[in-house]
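These notes are about the structure you will find just below.
Please treat every number below as a calculation from the coordinates, not as lab data. Remember, it's a predicted structure, so these values are computed and weren't measured experimentally. Every residue, glycine among them, receives a Cβ derived from its backbone with ideal geometry; neighbour counts consider all protein chains shown.
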Amino acid sequence: MHLEDLAEKAAEFRAEEAAIQREVRVCMAASCQSSGSLAVMDALKDACGDGNGTCHVKGVGCMGLCSAGPLVAVADKDCGLDASLLYRDVTPNDAPDIMGSVCGAPVERLRCPTDQPFFARQHKIVLENSGIIDPDSFKNYVAAGGYAGMVRALSEMTPADVLREVTTSGLRGRGGGGYPTGLKWSTVAKMPAGQKYVICNADEGDPGAFMDRAVLESDPHRVLEGMAIAAYAIGANKGYIYVRAEYPLAVERLQTALRKAKRAGFLGNKIADTQFNFEIEIRLGAGAFVCGEETALMASIEGLRGQPRPRPPYPAESGLWGCPTLINNVETFANIAPIVREGGDWFASIGTERSKGTKVFALAGKIHNTGLIEVPMGTKLRDIIEIIGGGIPDDKSFKAVQTGGPSGGCIPDRHLDIPVDYDSLKTLGTMMGSGGMIVMDETSCMVDVARYFMEFCMTESCGKCIPCRTGTWQMHSLLDRIAKSQGTQADLALLEELCEVVQATSLCGLGQTAPNPVLSTLRYFRDEYEEKLQLPTS
Amino acid sequence: MTLQQAKPPLPSADTRWKLINATMRRNGYAGHALIETLHSVQDAFGYLDETSLRFVAASLDLPLSKVFGVATFYHIFMLKPKGRHTCVVCTGTACYIKGAGELLDGIQAHFAIAPGETSEDDRLSVLTARCVGACGLAPAAVLDGDVLGKQTSDTLTAKLEELD
Amino acid sequence: MPRPANQPNVRVVTLKIDDLDLSAREDETIIEVCRENKIPIPSLCYLDGLSTWGACRLCVVELEGQNRLTAACSTRVAEGMQIHTNTERLQRYRRTIIELLFAERSHICSVCVSNGHCELQSLAQRCGVDHVRVPYRQAAYPVDSSHEMFRLDHNRCVLCTRCVRVCDEIEGAHTWDVMGRGSDCRVITDLALPWGESETCTGCGKCVQVCPTGALVKQGTSVGEMVKDQHFLPILARRRHAR
């Protein structure tokens, strides 16, 4: 298949869509479903009537502003309405009003302005289709330019060309560490030909992060396309998606997407009429945060206890069943199709010197607009929280924002003016992580927050290495004592020493980063710890 | 010399065993299908008991201790039956900051069930989860598969009160 | 970074360990080279003849030009490597790790059958652990005396998994494994039922001999009597691998 053939197909699908005069999009991502969007969709369908096929109610992926769900967007060609009319907190009872007013005055009580910074300040690459296309529709994806990247790679580029574009793009792994994706791919590509694997890490375990979930639920084909391009570039013919069992909707949509892509000849044997074969299988996680670590994840795919092993050898050399393996996370793969489609230079023009492109963040906690945003790397933290996020509710004041989950740290107000990228966050003692941002207000106790994360690491420690297994337990009990105002100066000193040992000697990333929340809260909020210490009784 | 391990007979006439067998067959009875198979046992029976663990171990030709090690490593797998209803309280960061602890305290005060426990009448099991991904709706709980967002201790206990 | 794939002819590299200039085959690990050259490196989970586990972290060393510490058991030597095995920082970390182990379960040497012949005890002495600064966990663990010849005392277990590995890799029974996660981990036989009821245990006793502490011992031994003999392991391992 050539690009022209795909373009023809896309044009055909777009023409089908063009015949629909009135389109009502209902957010069907997990968060809006939890707020009752299924019932809203049924009610809208009733209100829509059959409409002779000109009125169409469509379930779409995440629209971003989860706290205002269920969200509904209305478009109508007759009156030039292009889906910029967004309604929030919609109930089934609102359906007649919404449908009855499409070309008249909007229903003001439900109106959610789309010119507000939350929407206007975003730059969407990963989420470009999210909230627009029906995630279960293969046609929708192709009509929106889907699979053009893969077909272009297969028909017009050599694997080396693909590697070059990805390297040029400057894309870095979106799973946390920020390892250059092009370099990772090249390492696997350089390994001798033979059985190689591509793994998509969809075991998004950071509490407070739901970016990958949204991508999988909103635009699953994009992830498959990214994986197929990667497989072509490195010479793999088999892929696995390791996805959390806690995300049933994402799993369901992935399964549908896999089936449809296969039927269309975009996965399986002789993809797009070329000699390239690539199969993808889904593997379910079973509730173990440590399986986000790549060697533990591979152990889990192999049906073993999800315990990490020492590296080297790195997965690129000896991964799944001892074969060279490429592991990237969902968001990384979601960036690939646009990079191949638009070129690495285009991607590299977005973002900062050392962190290219955009980043999806999940805003949660004590903030007005909780939900999902995608902004260029280098956006100021203050802009994200105060402008896009709408600031802190209930007239409270900002205290800290936590990034990087249990491996990250808290950033206080005085550092909010930094541009967000991998390196700036590192200098502040935290990390990008997968992109969760939890905002805390003045009522949050930082010792308590540190204890919470340590409790997390303690229960999620796999138990293999001594520093992590017993060190997190000890640090948690020390933090517990301090939080209950029973700790002493000696306890605090011991806590700091354990932080150092666990960080330096643990086997894998979980243990090595487990002390980060403690170290960063100690760095910026030491007074809160000291206030809770008992005076030595002499 | 290859000693072929004979496939064990199904433990009983219960048709659910066939579902589990199908999962293993789909994966060629390979050892790496262990986690997939345990998922299918739990989907079918609600938990993993000794009979099912022995059956899976024998079918996949895996050591018993390895199967038990895997079953107890992953938090999703339950070795005891759950109550008729299951309420999972999310203790992810966003929910924690917004009061997941109060939800759990409320349940404890009202029904005397601690996380991981089942009420004596087998009506309700209470579990916690590491982020169900509904951070926008924090604090959240999942009741029998349905996500309940923006809960308070009162709304949640009221919901649980209504259960049969 | 990844090493090149298995090369047929193994090269010899030169390296420096604690100011000693040495040469070694490039497929050897740092700990193997240290042992050959009588450079002491503390370790607990590592045992010659078993697969590498890399979990006790006692054998971590400093590599010049690298920030991160490296486990000597799981890292191969390379040309020009400069390794420090006993810096003040490493000594401090090792002491803390041993303290953490002592505090995790109940290691009371004076009443232990392995007293005087315990690897944990001698490690503590060698590393200068004279007291434990972290609080003891005080969790009570059961003792399993159901096996007619051997006894398992979880209170003395350090979860090094030597028993699991020797049973799987050398004996081939895979009676042992680890259950649970984090600090709830425990070694088990079969479906975590009493050892004496195990359907797979051959009673060979290899697990007992490789156990570094008094967790796995012979029945009928009393304080200080349990002496372990591991000389069979490298021999059996060689013969098994040769087949």
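Tabulated data for the structure shown
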item	result
Radius 10 Å from Cβ of B:ALA44, net charge of other residues (Lys, Arg +1; Asp, Glu -1)	0
Highest-fluctuation residue, C:ASP184, C:ASP168, C:ASP229 considered, GNM on chain C with Cα pairs under 10 Å	C:ASP184
For segment A:3-114, alpha-carbon Rg relative to the globular expectation (2.2 N^0.38 Å, N residues)	1.10
In Hz, Karplus ³J(HN,Hα) per residue of segment A:218-230 (6.51, -1.76, 1.60; θ = phi - 60°; x = Gly, Pro)	9, 8, x, 4, 4, 6, 4, 5, x, 5, 5, 5, 4
Where trypsin sites (Lys or Arg not before Pro) fall in DSSP loop in segment A:235-327, at most 16 other Cβ within 10 Å	A:LYS270
Label-zone membership for segment C:158-199, site C:VAL111, 7 angstrom Cα→C-beta point, backbone N under 20 Å	C:158
Positive minus negative residues near B:VAL67 (Lys, Arg vs Asp, Glu; Cβ under 12 Å)	-1
Gap separating the Cα centres of segment A:71-143 and segment C:188-230, nearest whole Å	67 Å
0 to 90° range, to nearest 10: angle between helix B:64-73 axis and chain B longest Cα axis	20 degrees
Enclosed volume per residue, in Å³, of the convex hull spanned by Cα atoms of segment A:97-212	205 Å³
Summed side-chain charge close to C:LEU22 - residues other than C:LEU22 whose Cβ falls under 13 Å, Lys, Arg +1, Asp, Glu -1	-4
Within straight-line cross-link reach of A:LYS380, aspartates and glutamates at Cα separation under 13 Å, skipping those fewer than 8 residues along the same chain	A:ASP413, A:ASP417, A:ASP421
Between helix A:37-48 and chain A: long-axis angle, C-alpha atoms, 0 to 90°, nearest 10	20 degrees
Proximal lysines relative to B:LYS7, as straight alpha-carbon distance under 23 Å, when same-chain residues fewer than 8 apart are discounted	B:LYS18, B:LYS66
Distance violations [Cα-Cα > 18 Å] among A:LYS190/A:LYS359; A:LYS366/A:LYS396; A:LYS366/B:LYS159; A:LYS532/B:LYS98; A:LYS366/B:LYS150; A:LYS426/A:LYS464	A:LYS190/A:LYS359; A:LYS366/B:LYS159; A:LYS532/B:LYS98; A:LYS426/A:LYS464
log₁₀ of I(q)/I(0) at q = 0.12, 0.13, 0.17 Å⁻¹ - segment A:446-532, Debye sum with one point per alpha carbon	-0.29, -0.34, -0.58
Share antiparallel - DSSP beta bridges, the protein assembly as shown, percent rounded to 5	60 percent
Computed helical MRE - 222 nm, chain A, DSSP H runs ≥ 4 contributing -39500 (n - 2.57), nearest 500	-12500 deg cm²/dmol
Antiparallel DSSP beta bridges within chain A, percent to nearest 5	55 percent
Quotient of C-alpha Rg and 2.2 N^0.38 Å, computed over chain B	1.24
Set of aspartates and glutamates with alpha-carbon distance to A:LYS45 below 15 Å, sequence-local pairs under 8 removed	A:GLU23, A:ASP94, A:ASP97
Segment C:151-203: GluC sites (Glu not before Pro) in DSSP coil with no more than 12 other Cβ atoms inside 10 Å	C:GLU199
Chain lengthening between A:GLU497 and A:ASN237 when straightened (0.36 nm per residue, less Cα-Cα)	88.9 nm
Lysine pairs in chain C with Cα atoms under 29 Å, if 8 or more residues apart or on separate chains	6
Longest to shortest principal axis, alpha-carbon extents of chain A, angstrom	86, 62, 39
Mean-position separation - Cα centroids, segment A:151-175 and segment B:112-164, in angstrom	45 Å
Listed residues B:SER59, B:SER12, B:SER153, most fluctuating in chain B (Gaussian network, C-alpha, under 10 Å)	B:SER12
Residue-averaged 222 nm ellipticity for chain B, from DSSP H runs of 4+ at -39500 (n - 2.57), nearest 500	-12500 deg cm²/dmol
Relative compactness, segment A:146-348, computed as alpha-carbon Rg over 2.2 N^0.38 Å	0.93
Rg over Rh, two decimals, the protein assembly as shown (C-alpha only, Kirkwood Rh)	0.97
Between segment C:118-132 and segment A:191-244, the alpha-carbon center distance in angstrom	47 Å
Percent breakdown of C-alpha pair distances by 10 Å bin, ordered from the shortest bin, for segment C:91-232	12, 42, 35, 10, 0
0 to 90° range, to nearest 10: angle between helix A:330-342 axis and chain A longest Cα axis	50 degrees
